[in-house]
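The values are calculated or read from the model by the stated rules, or taken from the named source; none is laboratory data. These numbers come from a predicted model, not from an experiment. All Cβ positions, glycine included, derive from the backbone under ideal geometry; neighbour counts span all protein chains shown.
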Amino acid sequence: MHFKPFVCVLCFWILSFPVPGIVPDSLHLPAARALAAADMDETGVRLPATIAVLPFTIHAAESDAFSYIQQGVMNMLHTRLTWPDKVHVVPGRQIQEMLPRLNGTDKNQALGQLAERTGSDLVLDGSITKLAGSFSIDVMVHDIENRRYMAFFEQSKDSDELIEKVGRIAAGINKQVFDRTTADWEKIEQERQAKINELRRRNPEYLMQTPQWQRQDDSPGWKIWKYLF
């Protein structure tokens, strides 16, 4: 008399196991997406990638006089970030044509629209600020799809050093965003190691108290961009 209910329960239990070769996509898509996102966080940006470089904003009383620096910065970044078959930099002329259409748009939305219209995965936005004769260079690389960014910073004692400092930022972007080791990056690493060795020589007791030396290239990392779109 209780045989039929027992058979129904048994059938339901058996059917609850997935049949080999017949696995509903809906059971696995969310997990696969989560895993892909986790892999990207560890390995950086997927290549090949396209990056759009915006003209730098100049914060200085005589900003018009620094237009040549702005152009020099753009040219250097285009040259240093281009990586055949792996990193494509959107031509500057194409960026200039897009900018008037984005005037008056919220910055976050403007970056997203620029990326969409140029087919870019990343957008680089930077500024140069003159203060008491010296300069600070601030750069942010925005990963549009994953709503995150990475910040880079350098200081220059005078205008003559600006291009060199931008070159160091380009080396950092190549390494930290694209996992590309360049000659400039190797030079930066050598300088960093030389400073560490000098500190060890001068202050061995200090380094013994603070054994966890934080590498400069490990400090920025990706940050979540909460307010995109």
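Hey, could you check the range 85-101 for residues that are surrounded by 16 or more Cβ atoms within 10 Å (Cβ to Cβ) and hydrophobic (A, V, I, L, M, F, W, C) and say which is modelled with the lowest pLDDT? Reasoning before the result, please.
Residues of the range 85-101 that are surrounded by 16 or more Cβ atoms within 10 Å (Cβ to Cβ), as a first pass: 87-90, 92, 95, 98.
Narrowing the set further to residues that are hydrophobic (A, V, I, L, M, F, W, C) leaves 87, 89-90, 95, 98.
Numbers: V87: 97, V89: 98, V90: 97, I95: 94, M98: 90.
Checked the range 85-101; the qualifying residue modelled with the lowest pLDDT is M98.
Being without any contact (Cβ under 8 Å) to a residue 24 or more places away in the chain and among the hydrophobic types (A, V, I, L, M, F, W, C) is the filter here; which residues of the range 43-67 pass it?
A65
For E145, indicate whether it is closer than 20 Å to A49 by Cα and either out of contact with any Phe, Trp or Tyr (no Cβ under 7 Å at 6 or more places or on another chain) or at pLDDT 95 or above (or both).
yes
With respect to I173, is the statement that it is of a type in the set (V, I, T) and in contact with an Asp or Glu (Cβ under 8 Å, 6 or more places away or on another chain) true?
no
Tell me which helices (runs of 4 or more DSSP H) are completely within the range 151-217 and hold 2 or more residues being modelled with pLDDT of 90 or more and closer than 17 Å to G72 by Cα, or say none if there are none.
Here the list reads 162-176.
Scan the range 21-35 and tell me whether some residue there is at pLDDT 95 or above, more than 17 Å from D125 (Cβ to Cβ), surrounded by 10 or more Cβ atoms within 10 Å (Cβ to Cβ) and of a type outside the set (F, W, Y).
no
Exactly one condition in (1) at pLDDT 90 or above; (2) touching a helix residue (DSSP H, G or I) at 6+ places or on another chain (Cβ under 9 Å); (3) of a type in the set (G, A, S) is false for A115; which is it?
That leaves (2) as the condition not met.
Those residues that are surrounded by fewer than 16 Cβ atoms within 10 Å (Cβ to Cβ) and at pLDDT 85 or above, I need them from the range 36-67; list them, please.
R46, L47, P48, T50, T57, H59, A60
Looking only at the range 114-142, filter to residues that are part of a helix (DSSP H, G or I) and under 18 Å from the mean Cα position of the chain (by Cα); which one of those is surrounded by the most Cβ atoms within 10 Å (Cβ to Cβ)?
L114
For the range 91-138, name all the residues that are among the hydroxyl-bearing types (S, T, Y), free of Cβ contacts under 8 Å to residues at least 40 places away in the same chain and within 25 Å of G172 (Cβ to Cβ).
If the condition is that a residue be among the hydroxyl-bearing types (S, T, Y), free of Cβ contacts under 8 Å to residues at least 40 places away in the same chain and within 25 Å of G172 (Cβ to Cβ), then S134, S136 are the ones that fit.
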